[in-house]
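Just below is one structure, and these are the notes that go with it.
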Amino acid sequence: MKGSLFVVLSVLALASQISGQACPTIVTRAQWGARAANTAALTTFPPTHVVIHHSATQGCTTQAACAALVRSFQNFHMDTNGWADIGYNFVIGGDGLVYQGRGWGRTGAHAVSFNARSIGIAFAGTFTSGLPPAASLNAAHALIACGRSQGQIAWSYRLIGHRQASATACPGNALFNHIQGWLNFVTTP
Ligand SMILES: [Zn+2]
């Protein structure tokens, strides 16, 4: 009896992994106070790449502070850079939450030549010599696994750091070293 219960629980756990039920909570645009924006659909779908960034700004540790920071990214990207919206598809706060940027299925403005075929994920903060909190790293893993299981990211996606796409220090030396141990990291984009 105990044996069969174990089998049932194992099957349920496996089913939950396969169906991606571990999708993280995503703070919606309405919840962080996004401005309205129109962005183009990805031209390559599902996208073949995941590009990791840091925002190279201060970080945040509460939902209120992270929401304000994400609003500041959107303002900078729209008003100073003249972009259609916040550049990233998603932002990961130091509070461990995922903030929807352009979201799934949209072309971003974060990595030249990869925008129309990737999902850009930025960790809020500067990670040249330290890493995001474990909760934030876990949230990014969960977001990627969720997107992959739901067909929003190609199953055989290639994960890179922004510096592999353009001449930039992004996502910071410490974070770049760290993501080299992540699933599907590739040295050649
Ligand atoms: Zn970047």
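The values are calculated or read from the model by the stated rules, or taken from the named source; none is laboratory data. Just so you know, these numbers come straight off a predicted model, no measurement behind them. Glycine gets a Cβ as well: all are built from the backbone with ideal geometry, and neighbour counts include every protein chain shown. The protein model used for the area step is the full one, side chains on, heavy atoms only, and it has no ligands, DNA or RNA in it. Shrake-Rupley method; radii C 1.70, N 1.55, O 1.52, S 1.80 Å.
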In the stretch 127-145, the residues that are buried (at least 19 other Cβ atoms within 10 Å of the Cβ) and farther than 22 Å from residue 23 by Cα
127
Selection from the stretch 135-180 of residues that are part of a helix (DSSP H, G or I) and of a type in the set (Val, Ile, Thr):
144, 179
Can you run down the residue pairs with Cβ atoms below 7 Å, 6 or more apart or on separate chains, where the first is in the stretch 156-173 and farther than 9 Å from residue 51 by Cβ and more than 8 Å from the ligand (Cβ to nearest atom) and the partner is open to solvent by 30 Å² or more (accessible area, probe 1.4 Å) and assigned to a strand (DSSP E or B)?
none
Residues of the stretch 46-68 that turn out to be hydrophobic (A, V, I, L, M, F, W, C) and within 13 Å of the ligand (Cβ to nearest atom), as a count:
4
Answer with yes or no whether residue 172 is under 15 Å from the mean Cα position of the chain (by Cα) and open to solvent by less than 20 Å² (accessible area, probe 1.4 Å).
no
Considering only the stretch 69-88, how many residues are assigned to a loop (DSSP other than H, G, I, E, B) and either out of contact with any Ser or Thr (no Cβ under 8 Å at 6 or more places or on another chain) or among the aromatic types (Phe, Trp, Tyr) (or both)?
6
Residue check, residue 112 against (1) within 13 Å of the ligand (Cβ to nearest atom); (2) of a type outside the set (Ser, Thr, Tyr); (3) open to solvent by less than 20 Å² (accessible area, probe 1.4 Å), all met but one. Which one?
(3)
